[in-house]
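The values are calculated or read from the model by the stated rules, or taken from the named source; none is laboratory data. This structure is a prediction, so every number in the text was calculated from the model and none was measured. All Cβ positions, glycine included, derive from the backbone under ideal geometry; neighbour counts span all protein chains shown. For the accessible areas, the whole protein counts, side chains as well, though only heavy atoms, and no ligand, DNA or RNA atoms are used. Shrake-Rupley method; radii C 1.70, N 1.55, O 1.52, S 1.80 Å.
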Amino acid sequence: MRRSVGTRRSRLGVVTDRMSRPSDFHIDRQGIWRYRGSVIEREAMVRLFAGMLHKRGEHYVLETPEQSLRVRVDDAPFLITDMECSAQDEVSNIWMITSLGERFLLGHQHPLFLREDPERGEVRAYQRVRDGMPALVHRNVFYRMAELAGIDGESGKAGVRSDGIFFGLE
């Protein structure tokens, strides 16, 4: 008999909800994964866990066929650490690359958005990546984007164009 996701049967046969326990997994503001306070050093393990990461409501969880484990995320679960630019048929494309090597085309499916960080008193850039989860755009990547920025004729704002879509940087 298959158990429902997020629950497990204790030795006494009582069903417990793993989602209500404190999280053993943590992703800090720099995108570093931790398990019970220790840094997960092996990139292959981080990639494996990242592939199982999903957002359920306001919570992040690692989904396996047997259970769901809550993951505490300080800011965003992914970090954009690089970008590449290309052009095809006079349409420029900006590829954003995560710290795990995943590539996402900045465009309709993976848009850029800005969000204020009240702790730091600054606006930070994010990109929607896998399953709509956010990836923080590292400051050096944002500065590289700012160097490419132009002024949009309609809005008058500075930003970049990728996949035929304008993304404001202010």
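Below, the figures for the structure above:
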{"read-out": "Selection from the range 105-152 of residues that are among the β-branched types (Val, Ile, Thr) and open to solvent by less than 20 Å² (accessible area, probe 1.4 Å)", "value": "Val129, Val137, Val141"}
{"read-out": "Whichever residue in the range 74-102 is without any contact (Cβ under 8 Å) to a residue 12 or more places away in the chain and outside any loop (DSSP other than H, G, I, E, B) and, among such residues, is surrounded by the most Cβ atoms within 10 Å (Cβ to Cβ)", "value": "Ser86"}
{"read-out": "Filter result (within 16 Å of Ser99 (Cα to Cα), within 14 Å of the chain's Cα centre (by Cα) and not aliphatic (A, V, I, L, M)) within the range 115-170", "value": "Tyr126, Gln127, Arg128, Arg130, Pro134, His138"}
{"read-out": "Some residue of the range 20-39 being out of contact with any Ser or Thr (no Cβ under 9 Å at 6 or more places or on another chain), at pLDDT 95 or above, hydrophobic (A, V, I, L, M, F, W, C) and more than 25 Å from Ala125 (Cα to Cα)", "value": "yes"}
{"read-out": "Given (1) within 19 Å of Gln30 (Cβ to Cβ); (2) open to solvent by less than 60 Å² (accessible area, probe 1.4 Å); (3) out of contact with any strand residue (DSSP E or B) (no Cβ under 6 Å at 6 or more places or on another chain); (4) in contact (Cβ under 8 Å) with a residue 12 or more places away in the chain, number of the condition Val71 does not satisfy", "value": "(3)"}
{"read-out": "Odd one out for Gly51 among (1) under 27 Å from Arg161 (Cβ atoms); (2) surrounded by 11 or more Cβ atoms within 10 Å (Cβ to Cβ); (3) without any contact (Cβ under 8 Å) to a residue 12 or more places away in the chain", "value": "(1)"}
